[in-house]
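Student: Take a look at this one; I'll ask things after.
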Amino acid sequence: MGIGPTLVKRKLITQDQLDSALAARKNPADRIEKVLVDMGFVTEREVLEIIGEQLHIPVLDLNESLIDKALLKTIPSKIVHRYHLVPIDKVNGTIRVATANAFDLYAFDELRMITGSRIEPVLAPSSDISRIIKQFFGVAGHTIEEMIGDDQLEIVSDIDETDADAIEAAQEATVVKLVNEILVEAIRDRASDVHIEPYEHSLKIRYRIDGVLHTTNVPPEVRRFQNAIVSRIKILSNLNIAERRLPQDGGFKIKTGNRDIDLRVSIIPAMFGEAVVMRILDKATVLLSLQDLGMIDQVYDDFYRIIRQPHGIVLVTGPTGSGKTTTLYAALNSIKSEDTKILTVEDPVEYYLDGIQQIGVQRKIGLTFAHGLRAFLRHDPDVILVGEIRDLETAEVAVNASLTGHLVFSTLHTNDAPTANTRLLDMGVEPFLVSSSIEGVLAQRLVRKVCKSCGQEYQPEPGSLPADFQLEPGQPLRRGTGCRECRHTGYKGRMGIFELLVMNDEIRNLIVSRGTATDIRNLARDKYGMKMLREDGWNKVRSGLTTVDEVVRVSKAG
């Protein structure tokens, strides 16, 4: 019985789904099980289980298999890439080879001739094989093989390329494919940034995933194509391909699957060539609710009440990369409606939001935060978002806007919530204006979440916990052991830890009298129950959402 009817008989698919796949098959030579998998009717592993039964070939879980690295080094990488297979181990002269295609007899014959050994195939999902190939042979290894060809000569002296030469090299199909594979891999791994860094004898590619940089494995030969890679990125970003002495900034858009993704590109001249950082701006990952960000319990209730005020200033503070913009977007999305006019001025506009008018700062023509904010006041808004309050001019315009009936959102670079008030005073804003305009200040950091797939409970060792972390005797914590889903880090995804300062008459009076940040913090904490960043982090550790190490990494003891 064929694969299709067997899948129907075992109720893994319906007859209608099989008929749809047969109708969608463009080439009669295409195997029907591949069409069914591509259409999402059945998983590849379910298909492999049936093929394995019919051909008496075992199906292996590569996540639990030990790969013989020494054996891998003896197999030409072009064979691995061409036939999409992975040698696992060699026992008694027989090499076990993992493949997703049990019918590719040519691959086994070629491998047998190269190694002189008997070949025993085992089945494994194509995605698992791809992961192993990437891990041991590097991202885009097959593309690098194509680009190198069989040349035995390598030119090591610098070549003064003309613009035409650089453009031609950058537009080569293999270079285009190489850059595409780097980006696809970054998006698949949920990276927020791609770093391409040239060194004297290597080109390093690193992905920032959940706020932490990870070096991805690439073939050493990729260093030879450094200039072509950078030139390709410059062409995509509409940058000057001939300028290699000055920093350049640009960007471009890509589409993968059903997702539209913006990339912001920064290029700087380094010692051994131009270094590139590409920020990946995926709208699907930023349009979250406040609860999705990790805002819960009293903090959520108080913040939601503040952002629904008719006027005043709401500040979000924290260092670069702490998720301030994402929180502001979540706040705007939670209050936007047909009867509310929302305007934003940002530097730059990172994500485009439906139903909200957004403009980007352009200092070259005099469009600053303050200038844009003044223009907004003549545009009849209800809510205004100012990307950042950096100077006295912007601060004063924001305060005046809030006092004339507008709700203003903005950010400040301060370490905690109470310091935001004193920062505005240091800028030169009058204390009575600060006290009367600020409604609330939210400080935040991002911590990585324990991976749901491999998270396990454990009992911490006595004396191993920070002094300010209180834990009931016998209460377990959670941590990830590492798995394929989390790239063996134990973490997948991020969430916020928050510190919310809600203004009241007593705190306002303290600001007017120029009380210090410490005075404000002590009053808000001791009398009104404000939770510090670290305290919110400890609550989430006790709930099993994150780990002690993560909270210690992003916050300091009070």
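Student: Does residue 409 satisfy the condition of being in contact with a strand residue (DSSP E or B) (Cβ under 8 Å, 6 or more places away or on another chain) and either closer than 23 Å to residue 303 by Cβ or in a strand (DSSP E or B) (or both)?
Tutor: In short, yes.
Student: What are the pairs with Cβ atoms under 7 angstrom where one residue, in the range 366-392, is at negative phi and the other, located anywhere, is small (Gly, Ala, Ser) and in a loop (DSSP other than H, G, I, E, B)? Sequence gap at least six, or different chains.
Tutor: If the second residue must be small (Gly, Ala, Ser) and in a loop (DSSP other than H, G, I, E, B), the pairs left are 369/387; 392/428.
Student: Taking the criterion of being assigned to a strand (DSSP E or B), touching a Gly at 6+ places or on another chain (Cβ under 7 Å) and under 30 Å from residue 352 (Cα atoms), would at least one residue in the range 248-262 satisfy it?
Tutor: Yes.
Student: Does residue 72 count as closer than 13 Å to residue 129 by Cβ and touching a Phe, Trp or Tyr at 6+ places or on another chain (Cβ under 9 Å)?
Tutor: Here the answer is yes, as residue 72 does meet what is asked.
Student: Sticking with this structure for a sec: Look through the range 518-558, keep the residues that are within 16 Å of residue 300 (Cα to Cα) and small (Gly, Ala, Ser), and return whichever of them is modelled with the lowest pLDDT.
Tutor: 529
Student: In the range 375-404, what count of residues is obtained for those that are of a type in the set (Val, Ile, Thr), under 18 Å from residue 423 (Cα atoms) and either over 31 Å from the mean Cα position of the chain (by Cα) or assigned to a helix (DSSP H, G or I) (or both)?
Tutor: Residues in the range 375-404 being of a type in the set (Val, Ile, Thr), under 18 Å from residue 423 (Cα atoms) and either over 31 Å from the mean Cα position of the chain (by Cα) or assigned to a helix (DSSP H, G or I) (or both): 3 in total.
Student: When the range 265-300 is examined, which residues are found to be closer than 30 Å to residue 440 by Cβ and part of a strand (DSSP E or B)?
Tutor: 279, 281, 282
Student: Let me ask something else. For residues that are assigned to a loop (DSSP other than H, G, I, E, B), touching a strand residue (DSSP E or B) at 6+ places or on another chain (Cβ under 9 Å) and polar (S, T, N, Q), tally how many sit in the range 432-470.
Tutor: Selection size over the range 432-470: 2.
Student: Any residue at all in the range 297-308 that's free of Cβ contacts under 8 Å to residues at least 40 places away in the same chain, closer than 30 Å to residue 180 by Cβ and in contact with a Ser or Thr (Cβ under 9 Å, 6 or more places away or on another chain)?
Tutor: No, the range 297-308 contains no residue that is free of Cβ contacts under 8 Å to residues at least 40 places away in the same chain, closer than 30 Å to residue 180 by Cβ and in contact with a Ser or Thr (Cβ under 9 Å, 6 or more places away or on another chain).
Student: Can you pull out every residue in the range 336-360 that is open to solvent by 20 Å² or more (accessible area, probe 1.4 Å), touching a residue at least 24 places away in the same chain (Cβ under 8 Å) and either closer than 18 Å to residue 394 by Cβ or touching a helix residue (DSSP H, G or I) at 6+ places or on another chain (Cβ under 8 Å) (or both)?
Tutor: Listed by number, the residues that qualify are 347, 348, 350, 351, 352.
Student: Answer with yes or no whether residue 372 is small (Gly, Ala, Ser) and part of a loop (DSSP other than H, G, I, E, B).
Tutor: Spelling it out, it is not the case that residue 372 is small (Gly, Ala, Ser) and part of a loop (DSSP other than H, G, I, E, B).
Student: If you don't mind, another one. Identify the single condition in (1) surrounded by fewer than 12 Cβ atoms within 10 Å (Cβ to Cβ); (2) farther than 21 Å from residue 126 by Cα; (3) not acidic (Asp, Glu) that residue 40 does not satisfy, given that it satisfies every other one.
Tutor: (2)
Student: Right, another one. Residues 119, 114: which one is closer than 14 Å to residue 57 by Cα, open to solvent by 10 Å² or more (accessible area, probe 1.4 Å) and of a type in the set (A, V, I, L, M, F, W, C)?
Tutor: Checking each option against the conditions leaves just 119.
Student: Please list, ordered by first then second residue, the pairs with beta carbon atoms under 9 Å, 6 or more apart or interchain, first in the range 416-439 and without any contact (Cβ under 8 Å) to a residue 12 or more places away in the chain, second buried (at least 20 other Cβ atoms within 10 Å of the Cβ).
Tutor: These pairs meet every condition: 423/317; 423/389; 423/412; 423/414; 430/399.
Student: Does the range 308-332 hold any residues that are part of a helix (DSSP H, G or I) and open to solvent by less than 50 Å² (accessible area, probe 1.4 Å), and which are they?
Tutor: 324, 326, 327, 328, 329, 330, 331, 332
Student: Taking the options 70, 100, name whichever one is within 15 Å of residue 136 (Cα to Cα) and aliphatic (A, V, I, L, M).
Tutor: Answer to the selection: 70.
Student: Next question, about the same structure. Among the residues of the range 471-495, write down those that are open to solvent by less than 50 Å² (accessible area, probe 1.4 Å), farther than 15 Å from residue 189 by Cα and assigned to a strand (DSSP E or B).
Tutor: 477, 480, 495 - these are the residues of the range 471-495 that are open to solvent by less than 50 Å² (accessible area, probe 1.4 Å), farther than 15 Å from residue 189 by Cα and assigned to a strand (DSSP E or B).
Student: A further question on this structure: State whether the residues of the range 443-456 include one that is of a type in the set (Gly, Ala, Ser) and surrounded by fewer than 12 Cβ atoms within 10 Å (Cβ to Cβ).
Tutor: There is no residue in the range 443-456 that is of a type in the set (Gly, Ala, Ser) and surrounded by fewer than 12 Cβ atoms within 10 Å (Cβ to Cβ).
Student: Let me ask another. Could you please find all residues in the range 57-88 being without any contact (Cβ under 8 Å) to a residue 40 or more places away in the chain and open to solvent by 30 Å² or more (accessible area, probe 1.4 Å)?
Tutor: Correct list: 64, 66, 68, 70, 73, 76, 83.
Student: Quick check, is residue 385 at pLDDT 90 or above, open to solvent by less than 40 Å² (accessible area, probe 1.4 Å) and under 21 Å from residue 290 (Cα atoms)?
Tutor: For residue 385, the condition - at pLDDT 90 or above, open to solvent by less than 40 Å² (accessible area, probe 1.4 Å) and under 21 Å from residue 290 (Cα atoms) - is met.
Student: Tell me, which helices (runs of 4 or more DSSP H) wholly within the range 499-558 include 3 or more residues that are within 22 Å of residue 319 (Cβ to Cβ), touching a helix residue (DSSP H, G or I) at 6+ places or on another chain (Cβ under 7 Å) and in contact (Cβ under 8 Å) with a residue 24 or more places away in the chain?
Tutor: The helices (runs of 4 or more DSSP H) meeting that bar are 517-526, 533-542.
The values are calculated or read from the model by the stated rules, or taken from the named source; none is laboratory data. Just so it is clear, the structure is predicted and the values come from calculations on it, not from any experiment. Cβ coordinates were reconstructed from backbone atoms using ideal geometry, including for glycine residues, and neighbour counts include every protein chain displayed. Just so you know, the surface numbers come from the protein's heavy atoms only, side chains and all, with ligands and any DNA or RNA stripped out. Shrake-Rupley method; radii C 1.70, N 1.55, O 1.52, S 1.80 Å.
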